[in-house]
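Working notes, structure below.
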Amino acid sequence: MTDQEMIASCKKGSREAFNELMAKYQKQIFGIAYGMLSDYEDASDAVQEVFVKVYRSIASFKGQSSFTTWLYRICANVCNDMLRKRQRRGFSVSLDADDEESAASAELPSEEPTPEEQLELNERQKAVREAINDLNPEYREIIVYADLQQLSYDEIAEIIKCPKGTVKSRLNRARNALRKKLIEKRELF
């Protein structure tokens with residue numbers, strides 16, 4: 001069943017079609033949420049909230065943009081809301097990625113690393129997550145879309161509703177800001 005067929009079925013009240021949509025996009029939404037929030041529990045909460053919002057508003061989806069664009073925009077809005085709430089209450093994020101799910105997205109060499117190599121890798125990952133977390137939300141969002149989710153410039157432009165050239169320049173500024181933050185932790189790289 002295509003996305004359009006599933007969406008049409010969802011609009012008619014089919015829970016099975018909605019569950020198929022959710023199963024199809026859940027990992028991608030989690031990846032975006034984790035990239036923006038840097039916290040496994042918050043990302044899981046965000047995924048649930050995203051799909052609740054999708055379920056409640058699927059009837060209003062007009063199809064003027066692709067379903068994924070609409071879905072990613074909802075995810076970004078939910079994550080940005082969570083980040084604003086964190087800032088208001090002074091929330092601090094634990095960036096220790098010791099649980100298997102959050103570490104699963106890391107690319108490890110095919111050979112089993114030594115404990116020292118694993119510790120060094122964990123420290124590098126933590127530094128990158130901290131640096132991404134320290135970026136302003138606009139830059140964090142575009143880094144997640146481009147570098148973590150590997151979306152095209154056109155897809156990102158559609159999601160954040162700006163011209164492709166703006167995406168390119170904003171991504172360049174975001175990468176430069178990230179690079180400056182990582183230079184401070186040069187000994188890890």
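The values are calculated or read from the model by the stated rules, or taken from the named source; none is laboratory data. What you see is a predicted model; the values in this text were computed from it and never measured. Every residue, glycine as well, gets a Cβ built from its backbone with ideal geometry; the counts of neighbours run over all protein chains shown. Side chains are part of the model used for accessible areas, which takes the heavy atoms of the whole protein and leaves out ligands, DNA and RNA. Shrake-Rupley method; radii C 1.70, N 1.55, O 1.52, S 1.80 Å.
The lysine pair count for the chain, using Cα distances under 17 Å and pairs eight or more places apart or on different chains, is 11. Cα centroids of the range 1-55 and the range 128-174: 21 Å apart. Share of carbon and sulfur in the accessible area of the chain stands at 47%, probe radius 1.4 Å. Calculated accessible area for the chain comes out at 60 Å² per residue, all protein chains present (probe 1.4 Å; ligands, DNA, RNA ignored).
Ordered by 1.4 Å accessible area with all protein chains kept, 6, 22, 1 run largest first as 1, 22, 6. A Cα-only calculation for the range 1-58 places Rg and Dmax at 12.2, 36 Å. The modelled label-to-label distance between residue 123 and residue 27, using points 7 Å beyond Cα along the C-beta direction, is 3.2 nm. Of the whole protein surface, residue 24 contributes about 110 Å² of accessible area at a 1.4 Å probe radius. Solvent-free Debye calculation, one equal scatterer per alpha-carbon of the chain: log10 I(q)/I(0) at 0.11 Å⁻¹ equals -0.55.
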